[in-house]
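The values are calculated or read from the model by the stated rules, or taken from the named source; none is laboratory data. Source: prediction; values computed, not measured. All Cβ positions, even for glycine, are placed from backbone atoms using ideal geometry, and neighbour counts span all protein chains on display.
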Amino acid sequence: MKGADAVLHTATLHKPHVSTHSRQSFVDTNITGTLNLLEEAASVGVRSFVFTSTTSAFGVALTPPAGTPAAWVTEDVTPIPKNIYGVTKTAAEDMCELFHRNQRLPLLILRTSRFFPEEDDDGETRQAYEDGNLKANEFLYRRVDIEDAVSAHLLALEKAPAIGFGRYIISATTPFTRDDLFDLRANAPLVVKRSFPDYEEEYARRTWRMFPGIERVYVNERARKDLGWNPRYDFRRVLDSLKAGADPRSPLSREVGSKGYHPTQTTVAKSHNDRG
């Protein structure tokens, strides 16, 4: 890293790799790999280090008990990892904080929500919803466009020296408020219709469906405030694009396209970006 000014650390084993890779592989890549980068960055005095983490790190905290309101997920929610992916990402986050505290490395952690264009890794979900329908729904509470994810990373690189350390949720701005959480868990279509009375007609035209209930909402307020981040792609923009017959994805998302997930251990070491 000699001569480097900044580090964007995005390499990782992902949630889909839980079924194809050993727990030790997750430790080697997500924890030891992060430690290697932190050691080198600190040794040369990198001015800005940005670690791409994931909203999946919240784990069990994302699913409230049945009969309770949806979870309002801010950076203050304590993660409860539910698999080796979450465990290694939260451990890597903690190492990042340690290097800021002890080596004064300016470092920001971005917990990104879903931005991957690949099909959902859950078979039942793929069977229940058309892919475009699924991703449009997710912009209400748990998805971010690649273009907005990139802008957040660039801002984090710029702001890290002044901020020092912080964790930020990077997800499309939700239209919901805390007052919606009970109804959202029980009857999401009703809540969505209150904010977007025109969504039903467009969804009906496409034979799409809204989720019957939504169990969590990611809140990006801190990233917008501290980083000056202004995500452009949200459910309103997606819906307007659909009504106009246009592709709701950003030009960058279309250019990046689908990369797929490496199914074997031998090809995954040079991984692509994180997911939440």
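Take the range 1-42 and flag every residue that is touching a helix residue (DSSP H, G or I) at 6+ places or on another chain (Cβ under 9 Å), among the small types (G, A, S) and surrounded by fewer than 20 Cβ atoms within 10 Å (Cβ to Cβ).
Listed by number, the residues that qualify are G3, A4, A6, A11, S22, S25, G33, A42.
Would the range 261-276 turn up any residue that is assigned to a loop (DSSP other than H, G, I, E, B), at pLDDT 95 or above and closer than 27 Å to Y85 by Cβ?
no
Restricting attention to the range 204-235, and to residues there that are free of Cβ contacts under 8 Å to residues at least 40 places away in the same chain and assigned to a helix (DSSP H, G or I), which single residue is nearest to the chain's Cα centre (by Cα)?
Step by step, filter the range 204-235, then rank; the result is K225.
Determine the pairs where a residue that is on the phi < 0 side of the Ramachandran plot and hydroxyl-bearing (S, T, Y), located within the range 119-136, has a partner that is surrounded by 15 or more Cβ atoms within 10 Å (Cβ to Cβ) and not in a helix (DSSP H, G or I) with Cβ atoms under 9 Å apart, the partner being 6 or more residues away or on another chain.
Y129/D120; Y129/W208; Y129/R209; Y129/F211
For the range 236-260, give me each residue that is closer than 17 Å to D131 by Cα and part of a loop (DSSP other than H, G, I, E, B).
G245, A246, D247, P248, R249, S250, G257, S258, K259, G260
Considering only the range 95-180, give the helices (runs of 4 or more DSSP H) lying wholly within it that have at least 3 residues that are modelled with pLDDT of 95 or more, of a type in the set (A, V, I, L, M, F, W, C) and under 15 Å from the mean Cα position of the chain (by Cα).
Counting at least 3 such residues, we get 146-163.
Within the range 58-86, how many residues are surrounded by 17 or more Cβ atoms within 10 Å (Cβ to Cβ), part of a helix (DSSP H, G or I) and either of a type in the set (S, T, N, Q) or under 16 Å from the mean Cα position of the chain (by Cα) (or both)?
Counting residues in the range 58-86 that are surrounded by 17 or more Cβ atoms within 10 Å (Cβ to Cβ), part of a helix (DSSP H, G or I) and either of a type in the set (S, T, N, Q) or under 16 Å from the mean Cα position of the chain (by Cα) (or both) gives 4.
From the residues in the range 26-50 that are assigned to a helix (DSSP H, G or I), touching a residue at least 24 places away in the same chain (Cβ under 8 Å) and of a type in the set (G, A, S), which one is nearest to T112 (Cα to Cα)?
Checking each candidate, the answer is A41.
Mind listing just one residue for me: the one in the range 159-178 that is surrounded by 15 or more Cβ atoms within 10 Å (Cβ to Cβ) and of a type in the set (D, E, K, R) and, of those, farthest from E221 (Cα to Cα)?
So, considering only residues that are surrounded by 15 or more Cβ atoms within 10 Å (Cβ to Cβ) and of a type in the set (D, E, K, R), the one farthest from E221 (Cα to Cα) is K159.
Testing T63 on (1) in contact (Cβ under 8 Å) with a residue 12 or more places away in the chain; (2) out of contact with any strand residue (DSSP E or B) (no Cβ under 8 Å at 6 or more places or on another chain); (3) among the β-branched types (V, I, T), one condition comes back false. Which one is that?
The number of the failed condition is (2).
Quick one: which of D240, D247, D183, D179 is in contact with a Lys or Arg (Cβ under 7 Å, 6 or more places away or on another chain) and without any contact (Cβ under 8 Å) to a residue 40 or more places away in the chain?
Of D240, D247, D183, D179, the one residue that is in contact with a Lys or Arg (Cβ under 7 Å, 6 or more places away or on another chain) and without any contact (Cβ under 8 Å) to a residue 40 or more places away in the chain is D247.
How many residues does the range 201-227 contain that are under 16 Å from S241 (Cα atoms) and surrounded by 14 or more Cβ atoms within 10 Å (Cβ to Cβ)?
3
What are the residues in the range 68-80 that are without any contact (Cβ under 8 Å) to a residue 60 or more places away in the chain and more than 30 Å from R249 (Cβ to Cβ), if any?
D76, T78, I80
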